[in-house]
Each structure stands twice: as structure tokens, then as C-alpha cells.
Amino acid sequence: MGWQIDAYHVDLPVMASPMDSVMSPETAILVGRLGGIGVLDLEGLWTRYEDPTEALERIRRADPSRATSVLQEVYRAPVRPELITERLTQIRASGVVVAGRLSPAQTQRHWRTVVEAGVDLMVIRGSFVSAEPLNLKRFIYELDVPVVVGGVTTYTAALHLMRTGAAGVLVGQGGGASSSVRQVLGLHMPMATAVADVAGARR
């Protein structure tokens, strides 16, 4: 069983989620060596701190009543472009497919750093992604690397993003404990339901 996305063929059809709780540069490398694609969050703790161990430990040990304030504190540190370069360079040196995630709001600020660091796949992912205001169609057309976008939960939204020329579309909204989708958008889309609906966009 294999998987082709743009020019990249991998043996394992898995694109691991760009979440600080599961994805470090070392984990992305391991996923790549196992045949999948690990996506690093380029706005996460690994690009805000030289060593995010202490920040991750603060989150892990936080009392539930203070979890939100602790998260706000540790993510208050700015994203550092030199750390984006360092992390992606580390992954590239291992010989696996290099993938990094930016939010739609921060893509314009950081995309050049990401491309110059040698990313193979750029992932633009957020709670809500549309072709505007980033103008995804133009952005994707002018970029030299393939772009994967999402997440979406409906046929219409998926078709809209497919028409931008994206190499792939991410289906589903975050349903994990850390997801704010239910509170922000007022919806919770089970993955199976989202996949079934979006699959119609391919017909």
C-alpha cells in the first residue's frame, strides 16, 4: 500500500497531525522513516523555544483550572524564523519528506522562510480555511512547492479548496480534547461523517 501526493510517494498513507503534543522534529523524522509524512507545527513550541521541554512540562502539569492561562503564557513567546529554519533543516538532513504547517493568518508572514528552509510540502491548516483572504489560488499557483490545505467538513468547502490547485485537502475538524472548534464555530464534525460528505466532491 502506497500513497502519492504531488511528486512524493510514501509507503504509509499517513500524514501525522501537526500538534505540539505529538509532533517534534524527531517524531516527524521517525514517521518519515516508517513510511509516512510527519508535519511539524511551524507556529508551535518548537519554533518559539530553543528547547521547549520546560514549556511542555508546564502544560502537562497544569491544573485543569489553570490550563488555559498556562497555554496562553507558553504560547506568548513569538515564533522565531531562525528556529523554523533550524527545525526544517534538521528534518531534511534525515532524508525524509519535509512538511510544515502554518495557519492561514500567518502564512504570508512566514512562507518565504519555510520555502527557503527546503520544505517539500506546505500545509495550511486552521479551524476554518477558505480561499480568502489569503487568496489561496494565486498563492498556490505562484509557489514552487505543493500545498495541502484544510480542514473542511462539507462537500462545498472541499470543492472550493480543490479548485485552488491544492495538492491535497484535509478533511475533518479537530475533535480532540485541545480543540476549540466546538466553542469557536459551534460545531463538532465526526471524521467519518466529514469524509463521507467530502468524498462527493470527487464525483
For this session: For residue 27, state whether it is open to solvent by less than 60 Å² (accessible area, probe 1.4 Å) and under 23 Å from residue 82 (Cα atoms).
Result: yes
Exercise. In the range 63-100, what count of residues is obtained for those that are open to solvent by 40 Å² or more (accessible area, probe 1.4 Å) and either of a type outside the set (S, T, N, Q) or at positive phi (or both)?
Worked result: 15
Exercise. How about the range 101-112: which of its residues are open to solvent by less than 50 Å² (accessible area, probe 1.4 Å) and either at pLDDT 95 or above or in a strand (DSSP E or B) (or both)?
Worked result: 101, 102, 110
Seminar exercise, completed: Of the candidates 164, 153, the one satisfying the condition of being without any contact (Cβ under 8 Å) to a residue 60 or more places away in the chain, in contact with a Leu (Cβ under 6 Å, 6 or more places away or on another chain) and open to solvent by less than 20 Å² (accessible area, probe 1.4 Å) is 164
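For (1) within 19 Å of the chain's Cα centre (by Cα); (2) part of a loop (DSSP other than H, G, I, E, B); (3) within 21 Å of residue 111 (Cβ to Cβ), each residue gets a yes or a no:
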| position | (1), (2), (3) |
| --- | --- |
| 18 | yes, yes, yes |
| 28 | yes, no, yes |
| 46 | yes, no, yes |
| 51 | no, yes, no |
| 56 | yes, no, no |
| 66 | no, no, no |
| 71 | yes, no, no |
| 78 | yes, yes, yes |
| 83 | yes, no, yes |
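The values are calculated or read from the model by the stated rules, or taken from the named source; none is laboratory data. Everything quoted here is computed from the prediction, not taken from an experiment. No Cβ is skipped: glycine too gets one built from the backbone with ideal geometry, and neighbour counts run over all protein chains shown. We work out accessible area using only protein heavy atoms, side chains counted, and drop any ligands, DNA or RNA first. Shrake-Rupley method; radii C 1.70, N 1.55, O 1.52, S 1.80 Å.
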